[in-house]
Amino acid sequence: MNRRALVRRPGPRLAEGLLTHIDRVPVDLDLAERQWEAYVAALEAEGWETVEVPPAPDCPDAVFVEDTVVMYGDLAVLTRPGADERKPEVSGTEQVLRDLGFRTAHIEAPGTLDGGDVLKHDGTVWVGLGGRTNQAGIDQLAAHLAPLGARVVAVPLTKALHLKSAVTALPDGTVVGWDEVVDDPGVWSSYLAVPEEPGSHVVLLDGSTVLMSSAAPRTRALYEERGLRVVAVDVSEFEKLEGCVTCLSVRLRG
């Protein structure tokens, strides 16, 4: 199976990115560029081919490419971001995925859906409701994924920008989260609270390896105690913009 990941280079307006739950602090654009390159290098070192979506210099948040599409098998569901400023980001992602041969579907008005609100594991797709994603967007996603056997579950979201700003899943399906921003941990039958906010964000690289922020050393130790291999990267400049390791790529399988 091919292992490819979409990425998108940060643009000159990165520091103007939208904020909802944290205060704005200065962003070092040069450092952000270096951190992005190191993130891409980490993916490639773990056997993932990276595919760059063309830059969108007029869109400050375009580096957070995860929000533009939800992948499920060979289907790419192009999103309709909840923030109007981000809607122009989607077309570049769509063109790349079409060129790669993926089938495409779209979230249409009045639906809104950000890819960062979508957490998938073993046939279940949890979608954060209440921030950038609305019920119409969730209903459309469910209709697109139903033929593929997916079960879509809406999850309340009031304390974080996106669902995956609050929780992600380990390879064994354990959902990990930072309790302060998780509305209802009882949604998941297997839930593990982590001691640091950046530790709640993991990218699965294979069945025993996760990519995570270097800003969560205690959580890294927790994962390693569970037998996981951890690849840690510094994404401090993106964390200043409510970003995390999951936002910066879209994994493609098949």
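None of Val63, Val51 is buried (at least 22 other Cβ atoms within 10 Å of the Cβ), among the hydrophobic types (A, V, I, L, M, F, W, C) and not in a helix (DSSP H, G or I) except Val63. Here Ile138 fulfils each of the conditions (1) surrounded by 21 or more Cβ atoms within 10 Å (Cβ to Cβ); (2) out of contact with any helix residue (DSSP H, G or I) (no Cβ under 8 Å at 6 or more places or on another chain); (3) touching a residue at least 40 places away in the same chain (Cβ under 8 Å) apart from (3). Looking across the range 30-48, just one residue is open to solvent by 20 Å² or more (accessible area, probe 1.4 Å) and either at pLDDT below 95 or touching a helix residue (DSSP H, G or I) at 6+ places or on another chain (Cβ under 6 Å) (or both), and that is Leu31.
Only one entry of Leu211, Leu157 meets the criterion of being surrounded by 21 or more Cβ atoms within 10 Å (Cβ to Cβ) and over 22 Å from Asn134 (Cα atoms), and that entry is Leu211. Of all residues in the range 6-48, those satisfying the criterion of being farther than 24 Å from Glu85 by Cα and not in a helix (DSSP H, G or I) are Glu46, Gly47, Trp48.
Okay, residues lined up against (1) under 14 Å from His144 (Cα atoms); (2) charged (D, E, K, R):
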{"residue": "Ala83", "(1), (2)": "no, no"}
{"residue": "Glu89", "(1), (2)": "no, yes"}
{"residue": "Thr93", "(1), (2)": "no, no"}
{"residue": "Asp99", "(1), (2)": "no, yes"}
{"residue": "Thr104", "(1), (2)": "yes, no"}
{"residue": "Ala109", "(1), (2)": "no, no"}
{"residue": "Leu113", "(1), (2)": "yes, no"}
{"residue": "Trp126", "(1), (2)": "no, no"}
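For the range 73-92, the criterion of being more than 16 Å from the chain's Cα centre (by Cα), of a type outside the set (Ser, Thr, Tyr), crowded, with 24+ Cβ neighbours inside 10 Å and in a helix (DSSP H, G or I) is met by none of the residues.
The values are calculated or read from the model by the stated rules, or taken from the named source; none is laboratory data. Because the structure is predicted, anything quoted here is derived from the model rather than measured. Here the Cβ is made from the backbone with ideal geometry for all residues, glycine too, and neighbour counts use every protein chain on show. Note: areas computed on protein heavy atoms with side chains; ligands, DNA, RNA excluded. Shrake-Rupley method; radii C 1.70, N 1.55, O 1.52, S 1.80 Å.
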